[in-house]
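The values are calculated or read from the model by the stated rules, or taken from the named source; none is laboratory data. Computed from a predicted structure; not experimentally measured. Here the Cβ positions follow ideal geometry from the backbone for every residue, glycine too, while neighbour counts run over all protein chains shown. Ligands, DNA and RNA are stripped out before the accessible areas are found, and what is left, the full protein with its side chains, is counted by its heavy atoms. Shrake-Rupley method; radii C 1.70, N 1.55, O 1.52, S 1.80 Å.
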Amino acid sequence: MTCIFILWGNGMKAQVNAPSIIPDRVILNLTEDPSTSVAVTWRTDTTVTNAVVEIQPAAPMIDAKASKTFSGKTSTQKYSWGEEPEIVSHHHSCIITGLKPGKKYAYRVGYPDHWSEWFQFQTASDIASPFSFIYFGDPQNDLKSRWSRVIRAAYRYQPDCHFMLYAGDLINRAGTDREWHEWFLAGSFIYGMVPQMMTPGNHDYNDLTLDPHWNKQFTLPANGPKGLEGTCYVVDYNNLRLISIDSAVDSELENENGWQMQTQKAWLDSVLRTNTRKWVIVTTHLPFYSPKANRDNKVLRNNFQPILEKYKVDLVLTGHDHSYGRGKTTDNPQSGHEVMYVVSVSGPKMYEAGDKDWMERSGSFKQLFQAITIDNNELIYKSFTADGELFDEFKLSKNE
Ligand SMILES: [Fe+2]
């Protein structure tokens, strides 16, 4: 009896994250123009060689004759990690274009007899109108057991959020398919309905190599510096310019002369110089200012803060410190502009926040999510604990 139980147990373990002929891990990502396009990515086993999407305007009923069909790209990836069973997947990726701004659409992926369910999402409006999004600090650990309730609480709080943003360290050990299985289980159908945007953290790299899952299972913009496709990029969402800087590409981006620092600085200056949107938010994994007592990222701050201040960036959203800190501050009082910086955490790994002058609000040992609304001249920010208590809030306002 014992022997049968062990065999069954191992068999279940081996299969838990294996792909099948049925699409799974269906996820939307923001494109560089989310008012007219959206990116969708999904996974199957290797018997499925086509990437097909059917999409139609959302209506009370799905109309079998109303769909447009899009074809995407299919690629193969083999994942192995320690003693875990090797996983060979086909990843399918499609950018759906020609959509109308501010409209709801229904779509499914796969092919006849092996379709996903129909998902529904909304494109960004092309006229200034209120919208909200969710921001998460590091999920990273115990994704199924203890992070899942955070993303579900966030979705319950703001089911009409327009996208979700992650400040890196989505899993703990880059390359482990089993951890990605838990991340996808935690968010489940939410990823197919709400476009996701992520910047990588140090745990999304393994010895300075980006987790191969990243650009296979996400279809993120490739409009940043060459070599940083899907990790350093810009999205214009309504009246917001949203920028991802990759602060994990060179460990903690401490080499001031490295191409990773130099190209991202030049690129950031150019996308801010040409910006036409009212609001600017930058996300990156490393905090500009740390809550944790013995941590500081002075090199990052010295190199990027003058650029953020020159172009009056509004808000910086980060992770990495496994605690909460938030404050408006500067190292350069003569610049005449102070950026609001936030460090947050959504997963259960925790460090103690120190007592640092830059923080207007700090906290330790709290799993959190943030809901951010932009309504013309106002940005309304609220941070909630996993059990739904308001933990922090502020408002940024513009005059024009
Ligand atoms: Fe980190």
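Go through (1) at pLDDT below 95; (2) surrounded by 13 or more Cβ atoms within 10 Å (Cβ to Cβ) and name the single condition GLN56 misses.
(1)
On the basis of being in contact with a His (Cβ under 8 Å, 6 or more places away or on another chain), in the same structural domain as ASP169 (by TED's automatic domain parsing) and within 16 Å of LEU268 (Cβ to Cβ), does THR318 make the cut? Show your work before the answer.
Values: in contact with a His (Cβ under 8 Å, 6 or more places away or on another chain): yes; in the same structural domain as ASP169 (by TED's automatic domain parsing): yes; within 16 Å of LEU268 (Cβ to Cβ): yes.
Taking the combined requirement at face value, the residue satisfies it.
Kindly indicate whether any position in the range 68-76 is within 27 Å of ILE245 (Cβ to Cβ) and surrounded by 19 or more Cβ atoms within 10 Å (Cβ to Cβ).
Checked the range 68-76: no residue is within 27 Å of ILE245 (Cβ to Cβ) and surrounded by 19 or more Cβ atoms within 10 Å (Cβ to Cβ).
Yes/no matrix, rows are residues, columns are (1) more than 15 Å from the chain's Cα centre (by Cα); (2) on the phi > 0 side of the Ramachandran plot:
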site	(1), (2)
VAL194	no, no
THR199	no, no
LEU208	yes, yes
LYS216	no, no
PRO221	no, no
LEU240	yes, no
ALA248	no, no
GLY258	yes, no
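Take the range 105-141 and flag every residue that is over 15 Å from HIS162 (Cα atoms), open to solvent by less than 10 Å² (accessible area, probe 1.4 Å) and of a type in the set (Phe, Trp, Tyr).
TYR107, the sole residue that qualifies.
Of all residues in the range 247-284, how many are within 16 Å of the ligand (Cβ to nearest atom), open to solvent by less than 30 Å² (accessible area, probe 1.4 Å) and closer than 16 Å to ASN302 by Cα?
3
Would you point out which residue out of GLU400, GLU352, GLU389, GLU309 is open to solvent by less than 30 Å² (accessible area, probe 1.4 Å) and of a type in the set (D, E, K, R)?
Details: GLU400 fails: open to solvent by less than 30 Å² (accessible area, probe 1.4 Å); GLU352 fails: open to solvent by less than 30 Å² (accessible area, probe 1.4 Å); GLU389 fails: open to solvent by less than 30 Å² (accessible area, probe 1.4 Å).
Result of the check over GLU400, GLU352, GLU389, GLU309: GLU309.
In the range 213-246, what count of residues is obtained for those that are without any contact (Cβ under 8 Å) to a residue 60 or more places away in the chain and out of contact with any Lys or Arg (no Cβ under 8 Å at 6 or more places or on another chain)? Quick ask: steps written out before the conclusion?
Of the residues in the range 213-246, the ones without any contact (Cβ under 8 Å) to a residue 60 or more places away in the chain are 214-215, 222, 224-232, 241, 243-246.
Remaining after also requiring out of contact with any Lys or Arg (no Cβ under 8 Å at 6 or more places or on another chain): 214-215, 222, 224-232, 243-246.
Matching residues across the range 213-246 total 16.
Only one residue in ASN206, ASN223, ASN257 is outside the structural domain of THR76 (by TED's automatic domain parsing), of a type in the set (S, T, N, Q) and in contact with an Asp or Glu (Cβ under 6 Å, 6 or more places away or on another chain). Which one?
Numbers: ASN206 fails: in contact with an Asp or Glu (Cβ under 6 Å, 6 or more places away or on another chain); ASN257 fails: in contact with an Asp or Glu (Cβ under 6 Å, 6 or more places away or on another chain).
The unique qualifying residue is ASN223.
Using the structure shown, decide if ALA174 is crowded, with 23+ Cβ neighbours inside 10 Å, of a type in the set (A, V, I, L, M, F, W, C) and over 15 Å from the mean Cα position of the chain (by Cα).
Working: crowded, with 23+ Cβ neighbours inside 10 Å: yes; of a type in the set (A, V, I, L, M, F, W, C): yes; over 15 Å from the mean Cα position of the chain (by Cα): yes.
Yes, satisfied.
Could you list all residues from the range 308-324 that are over 15 Å from THR283 (Cβ atoms) and either more than 16 Å from the ligand (Cβ to nearest atom) or touching a Phe, Trp or Tyr at 6+ places or on another chain (Cβ under 7 Å) (or both)?
Of the residues in the range 308-324, the ones over 15 Å from THR283 (Cβ atoms) are 309-312, 322-324.
Within the range 308-324, GLU309, LYS310, TYR311, LYS312, HIS322, SER323 meet the criteria.
When you look at ALA293, is it on the phi < 0 side of the Ramachandran plot, in contact (Cβ under 8 Å) with a residue 60 or more places away in the chain and open to solvent by 10 Å² or more (accessible area, probe 1.4 Å), yes or no?
For ALA293, the condition - on the phi < 0 side of the Ramachandran plot, in contact (Cβ under 8 Å) with a residue 60 or more places away in the chain and open to solvent by 10 Å² or more (accessible area, probe 1.4 Å) - is met.
Pairs needed: first member in the range 26-37, buried (at least 18 other Cβ atoms within 10 Å of the Cβ); second member anywhere, charged (D, E, K, R); C-beta distance under 6 Å; at least 6 residues apart or different chains.
Cβ pairs passing all conditions: SER35/ASP126.
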